[in-house]
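The next block holds one structure in the form of structure tokens; read it before the comments.
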Amino acid sequence: MALKDGLSGREYDKFTTDDDGNAAIRFVSVAGASGSGGTVTASGSATVGIAHTVLIDKTAVNSKPGTWYVLNGATTEALTVQMYSAVSPDTPVFASGSGYWDQVGSNITVSASGGKKHIPFNNTYKFVALIAQTASGTGPAEGWLYSA
């Protein structure tokens, strides 16, 4: 089979070689894509109050990209969601004010009454945690982490 390279196509891009030098067809698996069978790395739910509440605690992602999915079940309170990360294997589970954990990015607001938010990330951290809180009152919330 001849391989071509040009404006009409780059046929050779669909081939690669394995560790033994054998020809193989290249494919990509995307977490969470329709029909791909993406893997849920972690999930969690909690009743969220004004203090930091852990939705998903210390989860190893090993520097792989991923996305959070958050569902706010509270009828009146918006959630403030924060992603935290750590690099040390000795890192304990998340604790507010811990020197092991650093917030990544800005606070994300998820509206009340079934508000949903996808929060993609691409980082070089070993561990991540998803934390939520409300301005007042409490409400149920759920979170999922998909990682490639």
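Could you size up the charge dipole of the stretch 38-147 around its Cα centre, putting +1 on the beta carbon of Lys and Arg and -1 on that of Asp and Glu, and report it in debye to the nearest 20? If you can, show how the numbers build up before the last one.
Numbers: 5 positive and 5 negative charges, 45 e Å.
Using only the charged Cβ atoms, the result is roughly 220 debye.
Residue-wise, which Karplus ³J(HN,Hα) couplings in Hz belong to the stretch 47-55, taking 6.51 cos²θ - 1.76 cosθ + 1.60, θ = phi - 60°, and x for glycine or proline?
These are the phi-based 3J(HN,Hα) values: 8, 9, x, 6, 8, 4, 10, 7, 8 Hz.
Taking H as built 1.01 Å from N, whose amide H comes closer than 5 Å to the amide H of V61, not counting residues under 5 places away?
The answer is F127, V128.
Expressed in nm to one decimal, what extension gain is obtained for the pair N107 and A60 from 0.36 nm per residue of sequence separation less their Cα-Cα distance?
Numbers: separation 47, 0.36 × 47 = 16.92 nm, distance 2.15 nm.
Separation in residues times 0.36 nm, less the Cα-Cα distance, equals 14.8 nm.
Can you list residues whose amide H is under 5 Å from A74's amide H, if they're 5+ apart or on another chain and H is modeled 1.01 Å from N?
HN-HN under 5 Å from A74: S113, G114.
Calculate, axis by axis, the spread of Cα positions in the stretch 38-147 along the three principal axes, and write the results as whole Å, longest axis first.
Largest first, the stretch 38-147 extends 38, 32, 21 Å along its Cα principal axes.
How far apart, in nm, are the 7 Å Cα→Cβ label points at S43 and A95?
3.0 nm
No value in this document is a laboratory result; all are computed from the given coordinates. Remember, it's a predicted structure, so these values are computed and weren't measured experimentally. Heads up, the Cβs are rebuilt from the backbone with ideal geometry, glycines too, and the neighbour counts pull from every protein chain shown.
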